[in-house]
1. So what are the ³J(HN,Hα) numbers for region 98-106, from phi and the Karplus equation (6.51, -1.76, 1.60; θ = phi - 60°), rounded to whole Hz, Gly and Pro as x?
2. Give the carbon-plus-sulfur fraction of the accessible surface of region 109-155 in %, rounded to a whole number; probe 1.4 Å, heavy atoms of protein chains only.
3. Could you work out the relative contact order of region 81-155? I mean the mean sequence separation of Cα pairs under 8 Å and 6+ apart, divided by the number of residues, in percent.
4. If you build the convex hull over the alpha carbons only and average its shadow over all orientations, what do you get for the chain? Give it in nm² to one decimal.
5. If amide hydrogens are placed 1.01 Å from N in the peptide plane, which non-local residues have theirs closer than 5 Å to the one on VAL43?
6. What's the magnitude of the charge dipole for the chain around its Cα centre, counting Lys and Arg as +1 and Asp and Glu as -1 at the beta-carbon? Answer in Debye, nearest 20.
7. Keeping all protein chains in place, calculate the accessible area per residue for region 94-155 (probe 1.4 angstrom), answer in Å².
8. Among DSSP bridges having both ends in region 1-113, what percentage is antiparallel? Round to the nearest 5.
Amino acid sequence: MEKTNVMRLLDRQKIKYNAFEYDQSVTEGTLIAEMLGENPEHVFKTLVTVANNGAHFVFCVPVAETLDLKKAAKAVGVKAISMLKQKELLPLTGYIHGGCSPIGMKKPFKTVIHCSAEQFDTIFVSAGRVGKQVELSPTELCAYINASFTDVIVD
């Protein structure tokens with residue numbers, strides 16, 4: 001498998017991971033989890049938001065869950081946030097929709113990982129390209145990207 005920038009960054013930091021490939025035509029998170037043979041609770045999507053003050057924030061939540069915008073705003077200390085428009089994703093992060101990873105964005109953004117990740121030894125996140133995922137320790141991921149764990153999904 002060809003290494004992605006995410007994999008090279010993890011290698012450089014000596015963070016252990018397993019890399020996986022799946023059919024690039026599949027972009028729906030729960031189907032990706034199924035293709036990986038994993039419980040959707042272990043597979044996380046990366047969502048980029050914009051706050052009322054113009055700041056950007058990143059949230060990693062299980063693929064079958066929905067980001068609660070009120071909880072998310074509270075978690076990062078702003079009044080309100082909304083999802084970033086898809087056309088703004090590539091110029092801001094360097095990633096396209098379906099291949100957005102919390103690792104290796106053009107610049108670091110305050111990132112929150114849903115607290116359910118803490119109960120697992122490993123979770124899956126995008127490897128920075130559609131069709132590629134990495135499995136790694138959520139605590140190592142959190143430390144590397146300077147994230148925090150908080151409840152940010154719809155109940």
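The values are calculated or read from the model by the stated rules, or taken from the named source; none is laboratory data. Quick caveat: nothing in here was measured; it's all calculated off a predicted structure. Cβ atoms come from the backbone with ideal geometry, glycine included; neighbour counts cover every protein chain shown. For the accessible areas, the whole protein counts, side chains as well, though only heavy atoms, and no ligand, DNA or RNA atoms are used. Shrake-Rupley method; radii C 1.70, N 1.55, O 1.52, S 1.80 Å.
1. Here the 3J(HN,Hα) series is x, x, 7, 10, x, 9, x, 5, 3 Hz.
2. Details: 870 of 1870 Å².
Carbon plus sulfur share of accessible area: 46 percent.
3. Details: 99 pairs, mean separation 22.4, N = 75.
Answer for region 81-155 is 30 percent.
4. On the way: hull surface 33.5 nm².
Result: 8.4 nm².
5. Amide H neighbours of VAL43, under 5 Å, 5+ apart: VAL63, PHE124.
6. On the way: 17 positive and 17 negative charges, 194 e Å.
For the chain, the charge dipole is close to 920 debye.
7. On the way: 2620 Å² over 62 residues.
Computed with neighbouring chains in place, this is 42 Å² per residue.
8. Details: 10 of 14 bridges.
Given both bridge residues lie in region 1-113, the antiparallel proportion sits at roughly 70 percent.
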